[in-house]
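These notes concern the structure reproduced below.
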Amino acid sequence: MKKTEKVDFVINTLKKLYPSIPVPLDHKDPYTLLIAVLLSAQSTDVKVNQITPILFAKADNPYDMVKLSIEEIREIIKPVGLSPMKSKGIHGLSQILIDKHQGLVPQNFEDLEELPAVGHKTASVVLAQAFGIPTFPVDTHIHRLMYRWGLSTGKNVVQTERDAKRLFPRELWNDLHLQIIWYGRDYSPARGWNLDQDIITKTIGRKSVINDYQKKVRKKRT
């Protein structure tokens, strides 16, 4: 199968499986999304969605957030991990939004990536999901699946993002980013992976990945 045919198969399969695409992190505006995405680093969306209602009940905008101390923020967000760094980042970026951006979340990479604790992936997610600007944020699911599907080398997330943007139509980037994440969780996880349930990898997957999987299955049976 040619690479263009693989890409078409991925797009069409994901459209059928996820005609409507839920956003994993609960939020009500760009600011609350930014905070939720920041909190999700090395944590789970489920855990973040449990914590953000508590945090946002106290402060759901930068003006209220800076009234809290870093320690108060840290106490609330402790369950999501990395709380010392994240609490400083939340407080610091909220002050910068007030000082430099009239309390609003900027709509470009340069300004977003200047905010404390905001990296390229966080900025990409905010631009895509809050503002509808085409980006292709790469998380662990997308990185894993692009390699399994033979669409990227898997060297690093920078290369995976570059390959995804090159292969997929720009107007589909924001949808595909979320569809691939959901597919990775539902059908092609890192652990407990069942190739028979993973129609995309089973159909277009990298031969070495499929062979390794089958070897492991045979080992378990012997």
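Is it the case that region 207-218 has a residue that's open to solvent by less than 50 Å² (accessible area, probe 1.4 Å), at pLDDT below 95 and farther than 18 Å from T13 by Cβ? Yes, region 207-218 contains at least one residue that is open to solvent by less than 50 Å² (accessible area, probe 1.4 Å), at pLDDT below 95 and farther than 18 Å from T13 by Cβ. M1 fulfils the conditions (1) open to solvent by 60 Å² or more (accessible area, probe 1.4 Å); (2) part of a helix (DSSP H, G or I); (3) among the aliphatic types (A, V, I, L, M) except for a single criterion, (2). A Cβ distance below 8 Å, combined with a sequence gap of six or more or placement on separate chains, defines the contacts here; from region 205-222, residues that are within 11 Å of R148 (Cα to Cα) reach residues that are open to solvent by 50 Å² or more (accessible area, probe 1.4 Å) in the pairs R206/Y147; V209/Y147; I210/K202.
Selection of region 19-77 for residues being small (G, A, S), surrounded by fewer than 17 Cβ atoms within 10 Å (Cβ to Cβ) and in a loop (DSSP other than H, G, I, E, B) yields S20, S43, S69. Only a single criterion out of (1) closer than 30 Å to P62 by Cα; (2) in contact with a Leu (Cβ under 7 Å, 6 or more places away or on another chain); (3) buried (at least 21 other Cβ atoms within 10 Å of the Cβ) is not satisfied by I133, namely (3). Apart from one condition, V23 fits all of (1) among the hydrophobic types (A, V, I, L, M, F, W, C); (2) at pLDDT 95 or above; (3) under 17 Å from G184 (Cα atoms); the exception is (2).
For region 125-136, the candidate set comprises residues that are in contact with an Asp or Glu (Cβ under 8 Å, 6 or more places away or on another chain) and free of Cβ contacts under 8 Å to residues at least 60 places away in the same chain; within that set, the residue that is farthest from H177 (Cα to Cα) is P134.
The values are calculated or read from the model by the stated rules, or taken from the named source; none is laboratory data. Note that the structure is a prediction, hence the values are computed from the model and not measured. All Cβ positions, even for glycine, are placed from backbone atoms using ideal geometry, and neighbour counts span all protein chains on display. Only protein heavy atoms, including side chains, enter the accessible area calculation; ligands, DNA and RNA are left aside. Shrake-Rupley method; radii C 1.70, N 1.55, O 1.52, S 1.80 Å.
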